[in-house]
Amino acid sequence: MVEASEKITIDLQSGSNSAPVSSEPNYTKAVKAAQLVLSENYVLAEPVNVRDIAKNYGLEVVDADFGEKLSNVAGFINPENRTIYLNSGNPENRKTFTIAHELGHWILHRDKLEKEPEKYAVLYRIPLGRLNQDPVESEANCFAANLLVPKTYLEKHIEKYSDVDQLANIFNVSTEVIGFRLKYESRHSGN
Ligand SMILES: [Zn+2]
């Protein structure tokens with residue numbers, strides 16, 4: 001016979017191991033949230049200044065020396081003191097993406113961030129193409145890409161520039177983010 005306390009422990013353990021991770025990322029939700037942030041902050045032109053936008057949501061942004069050991073960490077957010085820490089060793093466009101990604105968590109996943117900061121607060125340097133399996137991370141990346149490269153601006157520039165490097169410069173993002181956005185729009189061009 002299993003003791004009640006023992007059973008609870010077993011249930012908790014199996015629960016945490018097999019807990020269904022909210023299955024599929026909700027890209028529509030992420031895109032809508034990014035569009036709302038753009039309109040709420042009266043963004044009228046690119047490149048989008050996410051440092052200022054983060055401040056408008058009560059978030060402090062700090063550049064910090066992460067040292068050798070954490071060189072693969074792009075940044076993280078501390079929900080307690082509402083601060084986003086950026087790896088000062090990263091280029092500006094990477095930092096900008098990190099702010100946008102963490103702001104995405106703050107807006108879309110505040111509950112998860114506060115419950116499991118160790119799981120969601122840290123952003124590692126993972127190429128966008130090899131997306132994290134966690135739908136929460138995919139949503140934050142989708143939010144960030146849509147915030148930094150708004151659909152209407154992308155459409156405006158794509159008529160003139162077909163070069164990914166030029167587009168990346170205009171939006172102050174990596175070519176990877178442009179690639180991600182172009183792929184997303186071609187998939188959703190029916191809308
Ligand atoms: Zn994240």
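What are the lysines whose alpha-carbon lies under 18 Å from the alpha-carbon of Lys32, with same-chain residues fewer than 8 places away excluded?
Result set, ordered by chain and number: Lys151, Lys183.
Residue by residue, what Karplus-based ³J(HN,Hα) values in Hz, rounded to whole numbers, does region 32-43 have, using 6.51, -1.76 and 1.60 with θ = phi - 60° and x for Gly and Pro?
Using θ = phi - 60°, the values come out as 4, 5, 5, 5, 5, 4, 4, 6, 5, 9, 6, 6 Hz.
Which aspartates and glutamates have a Cα less than 13 Å from the Cα of Lys119, not counting those fewer than 8 places away in the same chain?
Glu102, Asp111, Asp134, Glu137
Values in this text are rule-based calculations from the coordinates and carry no lab data. Values in this document were obtained by computation on a predicted structure and should not be read as measured data.
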